[in-house]
């Protein structure tokens, strides 16, 4: 049975907000741009995606090597179905932090929505390999099963 794309987006949004929020809270407040990223997180939770993108962009300008900021903005783009922009940000986050499971997880959704199951599969498997967050692991396993991988 296929999931409705909007249902998938809502599920992705919930998981990403919870996990991104947890990651951002764990960051030191002394990180340049962190206050803007915190504001962006709140905007995402309120559904104000355009403002979240602006806030994340400002945070990135203050701290361009912060993978979490690219991941957050990428997720806002994904939520708006701006897949190419989301993919660029997830790739940047992964380039900055090759062990960033959340970025692989979210990039896999972009690939899935772009009908590129082989790349989606590779990213879901990477999430499993990294084995960091229980929620991501469960999600990745479910998505792998949907793609026909046991």
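The values are calculated or read from the model by the stated rules, or taken from the named source; none is laboratory data. All of these numbers come straight from a predicted model, not from anything done at the bench. Every residue, glycine as well, gets a Cβ built from its backbone with ideal geometry; the counts of neighbours run over all protein chains shown.
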| field | residue 129, sole failed condition from (1) surrounded by fewer than 16 Cβ atoms within 10 Å (Cβ to Cβ); (2) under 20 Å from residue 146 (Cα atoms); (3) in contact with a helix residue (DSSP H, G or I) (Cβ under 8 Å, 6 or more places away or on another chain) | value | (3)
| said: Considering only region 74-83, I want to know if a residue exists there that is more than 13 Å from the chain's Cα centre (by Cα), within 29 Å of residue 32 (Cα to Cα) and part of a helix (DSSP H, G or I). | reply: no
| task | Considering only residues that are farther than 19 Å from residue 76 by Cα and in a helix (DSSP H, G or I), look in region 97-119 and name the one that is nearest to the chain's Cα centre (by Cα). | result | 119
| When you go through 52, 22, 68 one by one, which is the residue that is at pLDDT below 95, within 14 Å of the chain's Cα centre (by Cα) and part of a helix (DSSP H, G or I)? | 22
| remark: Of (1) surrounded by 18 or more Cβ atoms within 10 Å (Cβ to Cβ); (2) at pLDDT below 95; (3) farther than 25 Å from residue 126 by Cα, residue 30 fails just (1)
